[in-house]
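The structure appears below as structure tokens.
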């Protein structure tokens, strides 16, 4: 079974839609293992990661610890996380093919009728029940940079909604007080680095 998570109720049929990640309209879905990455408000920026076969012991100790998977979000999203209701649609897998094994993404070029829908009222309980370590941080960018440069498997989702990067101490020392009013823009993202569905 595959899944599509939405804040919209009552979806009776998923129609293929244009996507910058495909050459024709598609329906997105995610597998059971990676469903955890979408048990959050749709627009909430997040850094998610876990260990793969190629992950080094040093990266596990430094960034993952004893957790099987980590989802990090900004602290300002806590109240929205507490109040959000999600609808998890169960989608038959027959017409889907794997789009990204690391992120657990599947796509279908055909309309898909969900077999059932599950209401998720408490996202914290849903996440913690899956054994996920949920981290709240003031700003995601330093963690994002550390994860991207590591050997961990990761998905960066809705990072366009993340708070701006904070200037480093070195930048402040080089640029002086003028940098305090300078708005740092997000760098270009690598294709496929940000979650698609």
Odd one out for residue 61, checked against (1) free of Cβ contacts under 8 Å to residues at least 40 places away in the same chain; (2) within 19 Å of the chain's Cα centre (by Cα); (3) in a helix (DSSP H, G or I): (2)
Boolean, residue 90 is in a strand (DSSP E or B), over 18 Å from the mean Cα position of the chain (by Cα) and touching a residue at least 60 places away in the same chain (Cβ under 8 Å): yes
Of the criteria (1) crowded, with 17+ Cβ neighbours inside 10 Å; (2) within 18 Å of residue 25 (Cβ to Cβ), which one residue 113 fails: (1)
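This table checks each residue for (1) modelled with pLDDT of 95 or more; (2) over 26 Å from residue 141 (Cβ atoms); (3) touching a helix residue (DSSP H, G or I) at 6+ places or on another chain (Cβ under 8 Å).
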| position | (1), (2), (3) |
| --- | --- |
| 11 | yes, yes, no |
| 20 | no, no, no |
| 25 | yes, yes, no |
| 35 | yes, no, no |
| 49 | yes, no, yes |
| 54 | yes, no, no |
Selected residue [over 27 Å from residue 117 (Cβ atoms) and in contact (Cβ under 8 Å) with a residue 12 or more places away in the chain] from 54, 7: 54
Residue in the range 64-84 that is in a loop (DSSP other than H, G, I, E, B), in contact (Cβ under 8 Å) with a residue 40 or more places away in the chain and under 30 Å from residue 17 (Cα atoms) present: yes
Index of the failed condition, residue 28 passing every other in (1) closer than 16 Å to residue 106 by Cα; (2) in contact (Cβ under 8 Å) with a residue 60 or more places away in the chain; (3) over 17 Å from the mean Cα position of the chain (by Cα): (3)
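Residue-by-condition table, conditions (1) out of contact with any strand residue (DSSP E or B) (no Cβ under 6 Å at 6 or more places or on another chain); (2) more than 30 Å from residue 113 (Cβ to Cβ); (3) crowded, with 18+ Cβ neighbours inside 10 Å:
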{"position": "62", "(1), (2), (3)": "yes, yes, no"}
{"position": "66", "(1), (2), (3)": "yes, yes, no"}
{"position": "79", "(1), (2), (3)": "yes, yes, no"}
{"position": "85", "(1), (2), (3)": "yes, no, no"}
{"position": "88", "(1), (2), (3)": "no, no, yes"}
{"position": "92", "(1), (2), (3)": "yes, no, no"}
{"position": "96", "(1), (2), (3)": "no, no, yes"}
{"position": "99", "(1), (2), (3)": "no, no, yes"}
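The values are calculated or read from the model by the stated rules, or taken from the named source; none is laboratory data. Source: prediction; values computed, not measured. Neighbour counts are summed over all protein chains in view; Cβ atoms, including those assigned to glycine, are modelled from backbone coordinates with ideal geometry.
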